[in-house]
Amino acid sequence: MAKKINTKLRLAQYDPWVITTTVKVEETPYIIRLPTKETQEEIIQRWGYKFDINKCVVVKLYDWDTEKTYDITINYDEVGYFLNLEWLLVVFDRQLKEGDKVGFFWDNLNPTLNFKVLQKKVA
């Protein structure tokens, strides 16, 4: 008996926002914590060097909605990875509030951390 082969084609929607987090009140407006595992896999490993505790790296942050670019610092401490200082400009420019969902991905071709507001919290 011959095996049936599924020949139906399906299109999958590509979602580049592999690092997602929700803005929290204790973080806003000064810092935003990034999920450690996803940040390690999707950003840090692509850089090709070890990111030491209490060190920071300045990178470009590109906002897909406003097409604005920021110089932002990625930091690492005993809790994990986070963006600070310059993140305050993004919070004010985008009027981010607690509960807003944001996404990030690293672009290796144009060394940039890409950013997008994925969902604004409904009041």
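Values quoted throughout were computed directly from the atomic coordinates according to the rules given, and no laboratory measurement underlies them. These figures come from a predicted structure and were not determined experimentally. So basically every Cβ, Gly included, is an ideal-geometry build from the backbone, and we count neighbours across all protein chains shown.
Just grab the label-to-label distance for Leu85 and Thr73, each label 7 Å out from Cα along the Cβ direction, in nm (one decimal).
0.3
Rounded to the nearest 500, what is the chain's calculated 222 nm mean residue ellipticity when only DSSP H runs of at least 4 contribute -39500 (n - 2.57) each, over all residues? Could the numbers behind the result be given before it?
Values: 2 runs with 12 residues, N = 123.
Calculated from helices alone, the mean residue ellipticity at 222 nm is -2000 deg cm²/dmol.
Order these by the 10 Å Cβ neighbour count, fewest first: Val102, Val59.
Numbers: Val102 21, Val59 18.
So the ranking, lowest neighbour count to highest, is Val59, Val102.
List nothing, just return the count: lysine pairs in segment 19-119, 8 or more apart or interchain, with Cα separation under 26 Å.
Close lysine pairs found across segment 19-119: 25.
Compute the relative contact order of segment 19-119 as a whole-number percentage, counting only Cα pairs closer than 8 Å that sit 6 or more residues apart in sequence.
35
When only DSSP loop residues count, what chymotrypsin sites (Phe, Trp or Tyr not before Pro) in segment 23-88 have their Cβ near at most 15 other Cβ atoms within 10 Å?
On the way: sites: Tyr30, Trp47, Tyr49, Phe51, Tyr62, Trp64, Tyr70, Tyr76, Tyr81, Phe82, Trp87; in loops: Tyr30, Tyr49, Phe51, Trp64.
The qualifying sites are Tyr30, Tyr49, Trp64.
Would you mind getting the Kirkwood hydrodynamic radius of the chain from its Cα pairs, rounded to one decimal in Å? Spell out each step's value before the answer.
Values: mean 1/r = 0.0633 Å⁻¹.
Evaluated over the chain, this radius sits at 15.8 Å.
Which FRET efficiency value, to the nearest 0.05, do you get for Asp63 and Leu9 by plugging their Cβ-Cβ distance into 1/(1 + (r/R0)^6) with R0 = 25 Å?
On the way: r = 35 Å, r/R0 = 1.39.
The value I calculate is 0.10.
Taking GluC sites (Glu not before Pro) as exposed when DSSP calls them loop (any state but H, G, I, E, B) and at most 10 other Cβ atoms lie within 10 Å, what is the longest stretch of the chain free of them, the sites themselves excluded? Before the final figure, lay out the partial values.
Values: sites that count: Glu26, Glu67, Glu78.
Longest run free of exposed loop sites: 79-123.
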